Amino acid sequence: MAISTIQLGFNPRTFLTTIGTGRRLLSFQESHLIFAQGEASDGLFFIQAGKVQLSVVSEGGKEATLGILGEDDFFGEGGLAGQLVRMSSATAMTDCVLLHIKKKAMMLAMSREPKLSATFVKYLLKRNIRYQDDLVDQLFNSSEKRLARILLLMAHFGKEGVVTEIEVPKLSQETLAEMVGTTRSRVSFFMNKFRKLGFVNYDNGHHLRVHNSLLSVVLNDDGGTGTSGTTTANSKKALEPPSEPGGPPEKERAHRPPLPKPPTSTEMNVPK
């Protein structure tokens, strides 16, 4: 008599790292297209190793980067919710090892194994929170803070076991500008600023080293790294990033509007 998986104890990680019915391991070299926007959806992917870039192209041909995914992330799961075609493209940023899981196999496993279902739901909830954070980031934070946050997310700072400095694939400034929602010149300005302050190092090879001290930019309340001491008018001007055409000044965009002060008794015409 065969022993059931329930008797043995189901391990979601084992399911997501081994081949089996409806599951197969795939390897992709750096820059290889995993799937293209508009292709038929035939299941989802689980990243065992490497990094994957998700992007979308408008009807006018404009491309935007949706996100950078890493180890233990899912992508392409839209088919589980009824999407018949891929809504974005996925490209290997580095050499990748992926587990492809067919829709039927994933749905059947989740219905039989609560641990796998809980793991998948937890991932979707965390990603939904990330999307909400991205929206708040776009609404209230400066482009300097948004760039710092994206670099920290790519380096997975905040996850257990992450060291003070980690190497991530080097993205073009155009791609970073798409993700931040700003211009390439502003990304170039801030990346040079981060490098001079020791927050990043991108001088060697095809990788970028991000130091956890970059977190100070995100936590800074004045909209960026700021400078200590007094500066002359010329040096202050030199430290300002290139302006964003058609947008508000950076300092105005970086802060939430202040709450109005309560009126005084004189303004309210209250008799003494």
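The values are calculated or read from the model by the stated rules, or taken from the named source; none is laboratory data. Bear in mind that the values here come from a model prediction, so they are computed numbers and not experimental data. All Cβ positions, even for glycine, are placed from backbone atoms using ideal geometry, and neighbour counts span all protein chains on display.
Observations on the model:
- Yes/no for residue 105 being in a helix (DSSP H, G or I) and in contact (Cβ under 8 Å) with a residue 24 or more places away in the chain: yes
- Selection of the range 190-206 for residues being surrounded by fewer than 18 Cβ atoms within 10 Å (Cβ to Cβ) and closer than 26 Å to residue 62 by Cα yields only 206.
- Leading residue by the ranking (farthest from residue 214 (Cα to Cα)) among those in the range 130-189 that are crowded, with 16+ Cβ neighbours inside 10 Å and aromatic (Phe, Trp, Tyr): 189
- Within the range 125-149, the set of residues being assigned to a helix (DSSP H, G or I) and in contact (Cβ under 8 Å) with a residue 40 or more places away in the chain comprises 138, 140, 143, 144, 145, 147, 148, 149.
- Residue within the range 25-38 that is in a loop (DSSP other than H, G, I, E, B), out of contact with any Gly (no Cβ under 7 Å at 6 or more places or on another chain) and modelled with pLDDT under 90 present: no
- Among (1) surrounded by 19 or more Cβ atoms within 10 Å (Cβ to Cβ); (2) touching a residue at least 40 places away in the same chain (Cβ under 8 Å); (3) out of contact with any helix residue (DSSP H, G or I) (no Cβ under 6 Å at 6 or more places or on another chain) - the single one residue 83 does not satisfy: (1)
- Residue 215 at pLDDT 65 or above, closer than 26 Å to residue 30 by Cβ and not in a loop (DSSP other than H, G, I, E, B): no
- Extreme residue, nearest to residue 66 (Cα to Cα), among residues of the range 101-120 that are surrounded by fewer than 13 Cβ atoms within 10 Å (Cβ to Cβ) and touching a helix residue (DSSP H, G or I) at 6+ places or on another chain (Cβ under 9 Å): 118
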